[in-house]
Amino acid sequence: MVGVTPASQNKEASAGEQNATGRATILGILAALSGLMFGLDTGVVAGALPFISMDFHASAVLQGWIVSSMMAGAAVGAMFAGRISVSFGRTGAMLGAGILFLIGTLFCAFAPSVVLLVTGRVLLGLAVGVAAFAAPLYISEITVESARGAMISLYQLMVSLGIFLAFISDSFLSEGGHWRWMLGIMAVPAVLFLIVVLILPHSPRWLMMRGDKDRARKVLRLLRSDEEVAEAELADIHARLEKSSDAGFGLFRSNRNFRRSVFLGIVLQIMQQLSGINALLYYAPRVFEAAHFGTNASVWATTLVGLTNMVFTGVAIMFADRWGRRPLLLTSCVVVGLALLGVGGVLAFGGQGMTTAILLCGLILMFVAGFAIGEGPLVWALCSEVQPTRGRDFGIGCSTVTNWTANWVISSLFPLMMLAMGASWTFILFAVLNGVFLLITLGFVPETKGVSLEKIESNLFAGVSLRRLGE
Ligand code: BGC
């Protein structure tokens, strides 16, 4: 009898632990749906653009605006996302984003003119900018420590799943050139997202910031294995909040070492966008048309691009902790650079035959796969890993705004570059920029695989070089 009680208690404890972890995971997955919205709304324009351009007789400049206005909105949304998530909570910010997703979608679907279409895209952008900041923050605050990395990666996977689903839906609707349906169908996931956000509890950390310890305790009791664990986390949140007076911009101004990690995040995001990924993702059907694919074949080839992106993002998530960030990122830069050189070469000398079209499609898929195993997900992971606790929100905020701003500039310039330099030189230029990314990775990117965030932080503040932060 003696041994029976502790064993049954253990069983109960582990069942309770599993339930709590399960609940936290489900909430994390639900919040990650904002990644899906992000992917859907950024991906959908690729298939719709050729038909929109025909209907509105849009010039290259206007096409650039239709695509990139969303990124401009996202940059502004990301700039204010931090403040909104403090004032209204992470769930409040996601709710606001959900409402904007819906309104923006309706604007786009019913737009009688390019101006209103662009307005709708700006509203969607604001939603994406806010949601893409608030959701990962929320996920990191509700999930248990051991599942944090995986849950944040899940968010990335959701973004690529969203892009893929948008491409598929575009492909089905491309038959009759139904661009209004392509854009309007996004109202369905937007409503689902709104419903989901309404059932999410507030983040315990945000409740503590508001001094509402009782509600924070209630949420944590639901999401943690037992009372003791929940109380310890409450005490930890309290202690960290007390210490955070010299955080964010204050720390940026006063501490040279923190400035280094912020700049590394900014440079990584600029280089990620200079890889040319969104030039391809947003304008893929146009690029395929340049290679003499028919309009519908172009839209289907674009779906293949979305699938490749999603599958290889999954591969990166599986292997980033086994192979390390640097080997994956270096491989990624080489593969992307070579694929783009190939695309440039084929567009210049390949002629118009079937073989050329297949070769080009293969090279484009190689480019996307190369991006998805490194430059895509790992840049986001590194941007958060190199920031010290006290400056994390500020550092991630700066790199996120940079990502959207660079995305905006490049997606508005791309159609003009294609006109001014020709498709082939445009891709060769992107290939060269990937070479620069390779050199920056060699010189400045640390290996953070298996290294605790505390270790990276103490190295950073001790003045260790960026490249060696993980040693
Ligand atoms: C980039 C986005 C891009 C996406 C493609 C992300 O890492 O930041 O700009 O559209 O990857 O999956």
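The values are calculated or read from the model by the stated rules, or taken from the named source; none is laboratory data. Remember, predicted model here, so these are calculated numbers, not experimental data. In this analysis, Cβ positions are derived from the backbone assuming ideal geometry, glycine residues included, and neighbour counts consider all displayed protein chains. Surface areas here come from the heavy atoms of the whole protein model, side chains and all, with no ligands, DNA or RNA. Shrake-Rupley method; radii C 1.70, N 1.55, O 1.52, S 1.80 Å.
Scan region 189-198 for residues that are touching a Leu at 6+ places or on another chain (Cβ under 8 Å) and open to solvent by 40 Å² or more (accessible area, probe 1.4 Å) and report the count.
Going through region 189-198, the residues touching a Leu at 6+ places or on another chain (Cβ under 8 Å) turn out to be 189-194, 196-198.
This time we only want the ones that are open to solvent by 40 Å² or more (accessible area, probe 1.4 Å), so: 191-192, 198.
Residues meeting the conditions: 3.
Being under 30 Å from Leu438 (Cβ atoms), among the small types (Gly, Ala, Ser) and under 24 Å from the mean Cα position of the chain (by Cα) is a condition met by at least one residue of region 296-307.
Condition check ((1) over 15 Å from Val44 (Cβ atoms); (2) away from the ligand (no atom under 16 Å from the Cβ); (3) surrounded by 23 or more Cβ atoms within 10 Å (Cβ to Cβ); (4) of a type outside the set (Gly, Ala, Ser)) across all residues:
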residue	(1), (2), (3), (4)
Phe80	yes, yes, no, yes
Thr105	no, yes, yes, yes
Cys108	no, yes, yes, yes
Ile163	no, no, yes, yes
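Sub-9 Å Cβ pairs linking a first residue in region 273-299 that is in contact (Cβ under 8 Å) with a residue 60 or more places away in the chain and in a loop (DSSP other than H, G, I, E, B) to a second residue that is open to solvent by less than 10 Å² (accessible area, probe 1.4 Å) and within 10 Å of the ligand (Cβ to nearest atom), at least 6 apart or interchain, are Ser275/Glu375; Ser275/Gly376, ordered by first then second residue.
So, in region 452-470, how many residues would count as being of a type outside the set (Val, Ile, Thr) and either in contact with a strand residue (DSSP E or B) (Cβ under 8 Å, 6 or more places away or on another chain) or outside any helix (DSSP H, G or I) (or both)? Can you show your working first?
First, pick out the residues of region 452-470 that are of a type outside the set (Val, Ile, Thr): 452-455, 457-463, 465-470.
If we keep only those that are either in contact with a strand residue (DSSP E or B) (Cβ under 8 Å, 6 or more places away or on another chain) or outside any helix (DSSP H, G or I) (or both) too, we end up with 452, 462-463, 465, 469-470.
Result for region 452-470: 6.
Scanning region 260-307 for residues that are aromatic (Phe, Trp, Tyr) and closer than 17 Å to Ser424 by Cβ yields Tyr283, Phe288, Phe293. Looking across Val196, Val122, Val159, one residue alone is closer than 21 Å to Gly89 by Cβ and touching a residue at least 40 places away in the same chain (Cβ under 8 Å). It is Val196. Among the residues of region 255-297, the ones that are within 16 Å of the ligand (Cβ to nearest atom) and small (Gly, Ala, Ser) come to 5 in all. Inside region 335-357, residues that are open to solvent by 50 Å² or more (accessible area, probe 1.4 Å) and modelled with pLDDT of 95 or more make up a count of 2.
Are there any helices (runs of 4 or more DSSP H) wholly within region 210-269 with 3 or more residues that are surrounded by 18 or more Cβ atoms within 10 Å (Cβ to Cβ), within 30 Å of the chain's Cα centre (by Cα) and at negative phi, and if so which?
In region 210-269, 213-223, 227-243 are the helices (runs of 4 or more DSSP H) which contain 3 or more residues that are surrounded by 18 or more Cβ atoms within 10 Å (Cβ to Cβ), within 30 Å of the chain's Cα centre (by Cα) and at negative phi.
Please verify whether region 51-72 includes one or more residues that are under 15 Å from the mean Cα position of the chain (by Cα) and within 16 Å of the ligand (Cβ to nearest atom). If you could, list the steps in order and put the result at the bottom.
Here is the first cut: in region 51-72, the residues under 15 Å from the mean Cα position of the chain (by Cα) are 70-71.
From the residues that got through so far, the ones that are within 16 Å of the ligand (Cβ to nearest atom) too are 70-71.
Yes: one or more hits.
Among the residues of region 390-400, are any over 21 Å from the mean Cα position of the chain (by Cα) and closer than 26 Å to Gly248 by Cβ?
yes
Only one of the numbered conditions (1) open to solvent by less than 10 Å² (accessible area, probe 1.4 Å); (2) away from the ligand (no atom under 16 Å from the Cβ); (3) under 21 Å from the mean Cα position of the chain (by Cα) is violated by Cys383, and that is (2).
Within the set Ser332, Ser411, Ser399, the sole residue that is touching a helix residue (DSSP H, G or I) at 6+ places or on another chain (Cβ under 8 Å) and either at pLDDT below 90 or more than 16 Å from the ligand (Cβ to nearest atom) (or both) turns out to be Ser411. For region 128-161, the candidate set comprises residues that are more than 16 Å from the ligand (Cβ to nearest atom) and either charged (D, E, K, R) or open to solvent by less than 10 Å² (accessible area, probe 1.4 Å) (or both); within that set, the residue that is nearest to Ile84 (Cα to Cα) is Ala134.
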